[in-house]
Amino acid sequence: MIMHRVLKTKAGAMALFCALMVSTLLTGCKFQPGFGYNKGYAPEQPIAFDHSLHVNTNKIQCQYCHNQVERTKHSNIPALSTCMNCHLQVATDKPDIQKLREAYDKGESIQWVRVHMLPDFVHFNHNAHIAKGVNCQTCHGPIETMKKVEQFSDLSMGWCVNCHRQPENKAPLNCSTCHY
Ligand code: HEC
Ligand code: HEC
Ligand code: HEC
Ligand code: HEC
Ligand code: HEC
């Protein structure tokens with residue numbers, strides 16, 4: 001009703017458009033999944049994988065699963081075969097583990113939902129950071145306590161540049177470091 005009346009006049013439509021623009025700016029593009037600024041983003045996963053149970057309780061190192069992170073730009077999500085190193089034997093009576101086993105026997109993989117995602121025009125490189133001794137937790141927060149992964153940093157340009165600017169980091173600041 002109110003919407004109708006507002007849209008009847010050109011000025012009303014303009015005002016509504018402006019209000020939407022302002023609110024988008026204020027919320028910092030929170031409504032674009034898979035883009036920067038998604039601090040707190042924690043999508044449902046096909047299997048309720050619990051980092052705190054694996055890392056804290058069972059003392060499995062990050063790199064046991066994310067084993068490419070020191071070598072490549074991307075930090076891989078582990079293949080199902082990595083899970084099955086344990087779960088062919090461990091907790092085989094649990095429904096989630098039975099789902100893993102079923103997919104494994106069919107040669108399928110688990111379609112994990114991506115949490116972090118920089119826009120395509122940004123160049124980021126895990127191995128460069130790991131090589132300089134930056135901890136996973138500095139950027140990803142206390143993953144070892146998370147039952148469900150959540151984006152901890154906003155991944156904005158300001159966040160990257162602020163850290164690069166710290167004198168002790170001696171990290172490059174020119175635009176082409178991060179933009180092709
Ligand atoms: C037993 C295997 C395993 C271990 C150990 C593990 N992870 Fe993961 N990690 C996964 C799986 C599977 C996913 C994808 C599902 C999810 O997001 O929960 C994931 C997702 C992530 C993500 C989000 C990826 C995205 O989609 O953006 C981050 C960040 C991450 N892990 C960091 C860590 C850190 C840091 C540690 C150590 C403190 C760690 N992981 C230990 C298996 C593991
Ligand atoms: C190094 C061994 C190891 C690896 C590798 C491993 N897990 Fe586990 N996982 C465990 C242990 C130990 C438990 C706890 C079992 C228990 O408490 O009965 C567990 C529990 C679980 C549970 C909870 C089951 C329930 O309902 O209680 C899920 C789900 C799970 N793991 C998924 C995964 C997935 C997915 C992967 C691969 C990304 C993976 N695990 C890799 C050792 C492992
Ligand atoms: C300097 C900050 C920083 C550090 C340190 C860092 N990450 Fe990341 N991580 C990111 C960013 C930024 C992304 C999103 C990358 C993209 O979208 O291209 C990401 C993405 C990921 C992903 C999703 C897959 C991918 O590569 O896009 C995983 C898994 C992950 N990180 C695990 C880890 C683990 C494990 C460590 C420690 C060994 C770690 N990260 C250290 C910033 C960091
Ligand atoms: C916690 C601090 C920190 C954060 C946050 C951070 N960086 Fe870095 N970055 C560093 C350090 C330290 C280096 C290594 C400088 C060196 O090699 O001398 C580096 C190096 C780089 C390099 C150069 C890699 C190479 O091959 O030489 C790129 C590209 C880069 N960072 C991109 C990013 C982007 C994009 C982000 C944000 C998404 C980001 N960084 C966030 C600390 C950080
Ligand atoms: C350390 C990494 C880093 C450096 C250095 C860097 N940027 Fe960025 N830039 C990013 C990231 C990450 C994003 C995406 C997130 C965002 O928009 O804040 C971005 C986004 C942008 C955008 C798009 C903004 C938008 O809202 O769509 C522009 C334009 C841009 N950068 C220009 C520059 C210029 C010009 C420089 C050099 C003065 C520069 N950047 C240096 C990391 C960097």
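The values are calculated or read from the model by the stated rules, or taken from the named source; none is laboratory data. Since the structure is predicted, the reported quantities are computational estimates derived from the model, not experimental observations. Here the Cβ is made from the backbone with ideal geometry for all residues, glycine too, and neighbour counts use every protein chain on show. The protein model used for the area step is the full one, side chains on, heavy atoms only, and it has no ligands, DNA or RNA in it. Shrake-Rupley method; radii C 1.70, N 1.55, O 1.52, S 1.80 Å.
Quick look at the numbers
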{"quantity": "3J(HN,Hα) from dihedral phi, region 160-167, Karplus parametrisation 6.51/-1.76/1.60, rounded to Hz, x for glycine, proline", "calculated": "4, 5, 4, 6, 4, 6, 4, x"}
{"quantity": "Projected label distance in nm at T145 and T92, using a 7 Å step from Cα toward the beta-carbon", "calculated": "3.6"}
{"quantity": "Cα→Cβ-extended label distance, 7 Å offset, between N85 and C163, nm", "calculated": "2.6"}
{"quantity": "FRET efficiency estimate (nearest 0.05) - Cβ-Cβ, K99 to D154, R0 30 angstrom", "calculated": "0.35"}
{"quantity": "Linear extension gain, H74 paired with Q137, 0.36 nm per residue minus alpha-carbon span", "calculated": "21.1 nm"}
{"quantity": "Accessible area (Å², per residue) of region 130-180, counting only protein heavy atoms and a probe of 1.4 Å", "calculated": "70"}
{"quantity": "Label-to-label distance, nm, for residues given as T177 and S109 (7 Å Cα→Cβ offset)", "calculated": "3.2"}
{"quantity": "Within region 127-148, backbone nitrogen closer than 20 Å to the virtual label 7 Å beyond the Cα of K170 toward Cβ", "calculated": "127-135"}
